[in-house]
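What follows is calculated from the coordinates using simple rules that are stated; it is not laboratory data. This structure is a prediction, so every number in the text was calculated from the model and none was measured. Quick reminder, even Gly has a Cβ in these numbers, built from the backbone with ideal geometry, and neighbours come from all protein chains shown.
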């Protein structure tokens, strides 16, 4: 699948798509940004809600992908949703790419799981902080791979951030241990390009 630009988050969107269960009816993409991932999810889900707390991001997503009949773009914060724009227990699939490190992990994980319908799946692609020697070795290998991939994809740049970038607080090890405690049965693994993958299936 061709993409209009490349970065670490876009690189792992294909992985998110692969993890969406077949026959998904209601999907939610949190921190949707310019709507690129939501537009891809829309090819596999009956309906997609794309949400971002930044109105500028939602406006950009609407401009780029507003013609999709099965995608709804909303300005909403999954941690503070007094208007109920993101109903709890509604979604068969929830994706959150480069989102969860902007909040307390336990609070964010709890909010994300409440959005899922019974039997639904949560997929998080997140960031963590280097702390151990092994962390730095893996990060160095990732930088080499990243340079090679940028050369292959060419000078295609994406839109600017609507929400300021934030450095993660937790290390890779801390994040993994906390994820397994807060989300029993989850699958957690570090990815090469400065990201980790977390997958959790809500009991039916």
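Could you compute the FRET efficiency for residue 79 and residue 152, with r as their C-beta to C-beta distance and R0 at 25 Å, rounded to 0.05? The partial results should precede the final answer.
Working: r = 37 Å, r/R0 = 1.48.
It comes to 0.10.
When both bridge partners sit in the chain, DSSP labels roughly 35% of those beta bridges antiparallel.
For residue 107 and residue 132, compute 0.36 nm times the residue count separating them, minus their Cα-Cα distance, and round to one decimal in nm. Don't skip to the end; give the middle numbers.
Details: separation 25, 0.36 × 25 = 9.00 nm, distance 2.55 nm.
Taking residue 107 through residue 132 to full extension adds about 6.4 nm, to one decimal.
As an equivalent ellipsoid, region 16-74 spans semi-axes of 19, 11, 9 angstrom, where each value is the square root of five times an eigenvalue of the C-alpha gyration tensor, largest first.
Per the helix-only calculation at 222 nm, which mean residue ellipticity applies to the chain, given -39500 (n - 2.57) for every DSSP H run of n ≥ 4 and division by its residues, nearest 500 deg cm²/dmol? List each step's numbers first, then the result.
On the way: 7 runs with 71 residues, N = 204.
My calculation for the chain gives -10500 deg cm²/dmol from helical runs alone.
Each Cα pair under 8 Å and six or more residues apart adds its separation to the average, and for region 1-70 the resulting relative contact order is 30 percent. Give the calculated FRET efficiency between residue 59 and residue 169 to the nearest 0.05, with a Förster radius of 30 Å applied to their Cβ-Cβ distance. So, using R0 = 30 Å, E works out to roughly 0.50. Report relative contact order for region 83-127 in percent, whole number only (criteria: Cα-Cα under 8 Å, sequence separation at least 6). Relative CO of region 83-127 lands at 56 percent.
Which of the peptides 132-138, 30-36, 72-78 is most tightly packed, and how do the rest follow, going by the mean number of other Cβ atoms within 10 Å of each residue? Mind dumping the intermediate values first?
Numbers: 132-138: 12.3, 30-36: 25.4, 72-78: 18.6.
Result, highest mean first: 30-36, 72-78, 132-138.
Building the convex hull from the alpha-carbon atoms of the chain and averaging its projection over directions returns 11.0 nm².
Placing dummy labels 7 Å off each Cα toward the beta-carbon, the span from residue 69 to residue 201 is 3.2 nm.
Across the chain, the relative contact order, built from alpha-carbon pairs under 8 Å that are at least six residues apart, equals 22 percent.
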